[in-house]
């Protein structure tokens, strides 16, 4: 009889938990009535440049409200990922703050690129992939802890770069270990 590896059991359970959490996330109404814990009850985005452009182009307020409702939905998803969503540590575009901070943006983008690239690196030695993964985790940890303990103030570009490197190399290593 086939005995399953404990690592695969943990991964399968984690993926099942993620699937349940995403199902809960996407059942949240778009009208902004269910706001994440810690947010004020009546929070609404300010008149943004997207809202102003939509009204200026002849769109009614309902269309502009849809953009705001979409932004609120993205912010809820970002909060559910565990990101702190601090405004000064996040990028913004068109008057809207990104739903996750610069470091989490880098981690997500790095993981996306890493999943694609990992299929080209499946024949590489695990040690060859583990060294950059450990180094990128080290750099990310040093940057985050140095900022946490007020040794220095990190910039959004530095957060993005450390997040990209860490997300990329760690997911490539994970995919290589799973498919080995």
| said: Regarding the range 46-68, can at least one residue be identified that is at negative phi, at pLDDT 80 or above and loosely packed, with under 15 Cβ neighbours inside 10 Å? | reply: no
For the range 93-111, the count of residues that are more than 18 Å from residue 82 (Cα to Cα) and surrounded by fewer than 18 Cβ atoms within 10 Å (Cβ to Cβ) equals 3
Residue 125 meets each of (1) out of contact with any helix residue (DSSP H, G or I) (no Cβ under 8 Å at 6 or more places or on another chain); (2) modelled with pLDDT of 95 or more with one exception, condition (2)
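Each row is one residue, and each column tells you yes or no for (1) more than 30 Å from residue 69 (Cα to Cα); (2) at pLDDT 95 or above.
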residue	(1), (2)
91	no, no
110	no, yes
145	yes, no
150	yes, no
154	yes, no
180	yes, no
When residue 81 is run through (1) surrounded by fewer than 18 Cβ atoms within 10 Å (Cβ to Cβ); (2) in contact with a helix residue (DSSP H, G or I) (Cβ under 8 Å, 6 or more places away or on another chain); (3) farther than 28 Å from residue 157 by Cβ; (4) at pLDDT 75 or above, the failure sits at (3)
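The values are calculated or read from the model by the stated rules, or taken from the named source; none is laboratory data. None of the values given here were measured: they were computed from a predicted structure. Don't worry about glycine lacking a Cβ; one is built from the backbone with ideal geometry, like all the others, and counts go over all protein chains shown.
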